[in-house]
Amino acid sequence: MTRTGLPLRLAGVSRRYGTFPALTPTDLDVVAGEFLTLLGPSGSGKTTLLNLIAGYVEPTTGSIEIGTRDVTHLPARQRNIGMVFQNYALFPHMTVGENIGYGLAVRGVSKDECKRRVSEILSLMQLEEFVDRPIQKMSGGQQQRVALARALVIEPDVLLMDEPLSALDKQLRRTVQLELRRLHQRLGRTTIYVTHDQEEALVLSDRIAVMDQGRIQQLGSVEAIYDRPANAFVAGFIGESNLLAAKVTAVAEGKATADVEPFGRTIVASMGPGVEAGKPARLLVRPEHLLFNKTGDGIPAEIVETVYLGELSQYGLALESGQIVTARQITDRSLQTGTKVTLSWKPGHALVVLKS
Ligand SMILES: Nc1ncnc2c1ncn2[C@@H]1O[C@H](COP(=O)(O)OP(=O)(O)OP(=O)(O)O)[C@@H](O)[C@H]1O
Ligand SMILES: [Mg+2]
C-alpha cells in the first residue's frame, strides 16, 4: 500500500429522476485523506450522491474531479474508486481470496502481482487464514471485512462505503467501527461513508454532511454541527433538542428577538445563519442546557416525568401551553412529578434557528 487518497471535488452536481430532484445542485470539497460521513434519514439522497461519485449514476448537471482528473463522464471502472455496499455484493461462488483478487484481475494486474497484493491486504486485515474458504462459509462480520479488503486492494484514490455495517448486530458494529477508524488512520484513504446512525458518524468522521431532501443541509465538524446547527432539521437530527415555535420580530448584532409561543413570552437569543424577521424559526435549547429551579425567576413549568439515569436524571417539564420540554441535570431526589419549577438557561445556550 503506497499511494494515499486524493482530494475530491463536486461542483453543482445534481440528479433528477423525471421531475424529482434526488440530489439538488451540490458543491462538495473533500480533502485528501479525510473521512467524511453523509448522515441523513431514508430518502435524503445519500446513496444517490455516493453513486454519482462512483460513476454508477450519471449527473443531470455538474462536474466531479478526483485529484486533478475530471471524472464526470468516465465509466466507474476507470475512476479508481473502492466501493463497499450495504449487502457486501460478494461473489457467492468464489473463495475469500478470489473475491478480493477479482478487481485486480479485471484491471489486468498480473497473476503474481495480484497474489502479492491480495496476501498483503489479507494480512493487514487479519484474514490470512481464510484465503481459500468459500465466501458463503464466512460470518456476516467476516464477509463485511472481505468486502472492505476487496475495496482496498485496488489502492483506491477514494473509498466509498454505503451503510457497510447495517447488517451487523450492535456490539459487532461497535468493534468494526473502531477497526475501520484505525484502518483509516493507517491508510489515509479519502473516505466517504454513508450512514443514518448518528453515533456511528460521531465515532468515525472528521466531518459530517447532514442531508435531507436531496440537499446537504450542513457540512462541518461534529462540534460545529452540534453547537451551531444551520436549521431546526439539523438540530433535531444531531443530538437531542427542545425546539419551540418562534416568531422572529427583529435581528441585530447576531441576536434575534422572538416571540416564543409555547413560553408565552419574548426572548432575545443568539441566532443561526439566515434568520430574519418574519421567516419561520425555532428556539433551540439542548436538554443539558435547560436549567430549572424550584425557586427564582423564569418560565413556569411543572415536572411531569422523571427518568433516573444514575448521576444524571432526565426530566419532562410541562409548560403552561401544554408543550413538554426535556431537561437533564444532576439527580435531585426532591424533584418529583408534580413539582412546580421555573426554567432558565445561560446566555448563549439558546439559539434561534431557521425552521428548515
Ligand atoms: N433510480 C431511481 N429512480 C427514481 N427515483 C429514485 C431512484 N433512485 C433513487 N430515487 C429516489 O431518490 C431519493 C433519494 O434516494 P437515495 O437512495 O439516494 O436515498 P438514501 O438517502 O440513500 O436513503 P436510504 O437511507 O433509505 O438508503 C429517494 O426518494 C428515492 O426514491
Ligand atoms: Mg441509501
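Below are the figures for this structure:
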item	result
Aspartates and glutamates with Cα under 14 Å of K294, excluding same-chain neighbours fewer than 8 positions away	E302, D332
Low-density loop positions, trypsin sites (Lys or Arg not before Pro), the stretch 233-297 - DSSP coil, at most 12 other Cβ in 10 Å	K294
The chain, relative contact order [Cα under 8 Å, separation at least 6], %	16 percent
The stretch 124-228, relative contact order in percent, only Cα pairs under 8 angstrom and at least six apart counted	20 percent
Share, in percent, of DSSP beta bridges within the stretch 8-227 that are antiparallel, nearest 5	55 percent
Backbone HN-Hα couplings from phi across the stretch 39-44 [Karplus 6.51/-1.76/1.60, Hz, Gly and Pro as x]	10, x, x, 4, x, 7
Cleavage-rule hits (GluC sites (Glu not before Pro)) in the stretch 215-264: DSSP loop, at most 10 neighbouring Cβ within 10 angstrom	E253
Shape of the stretch 189-274, Cα gyration tensor, a/c cut at 1.5	prolate
Residue pairs, from the table K46/K115; K46/K137; K115/K170; K255/K355; K115/K137, whose Cα atoms sit over 24 Å apart	K46/K115; K46/K137; K115/K170
The stretch 90-145 versus the stretch 266-320: alpha-carbon centroid distance in Å	54 Å
For the stretch 92-245, convex hull volume per residue from C-alpha positions, Å³	135 Å³
The stretch 289-340: relative contact order in percent, alpha carbon pairs under 8 Å with at least 6 residues between	39 percent
Loop sites in the stretch 271-356: GluC sites (Glu not before Pro), DSSP, at most 10 other Cβ within 10 Å	E311
Average silhouette area of the chain, convex hull of alpha-carbon atoms, in square nanometres	21.5 nm²
Prolate/oblate/rounded call for the stretch 98-183, Cα gyration tensor, a/c under 1.5 rounded	prolate
Cα-based shape type of the stretch 232-354, given that a ≥ b ≥ c are square roots of the gyration tensor eigenvalues and the cut on a/c is 1.5	prolate
Selected from Q86, Q143, Q323 as most flexible by GNM, with the chain as the system and alpha-carbon contacts under 10 Å	Q323
Aspartates and glutamates with Cα under 13 Å of K111, excluding same-chain neighbours fewer than 8 positions away	E98
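We did not get these values from a lab; they are worked out from the coordinates using the rules stated. All values reported here derive from a predicted model rather than from experimental measurement. Quick reminder, even Gly has a Cβ in these numbers, built from the backbone with ideal geometry, and neighbours come from all protein chains shown.
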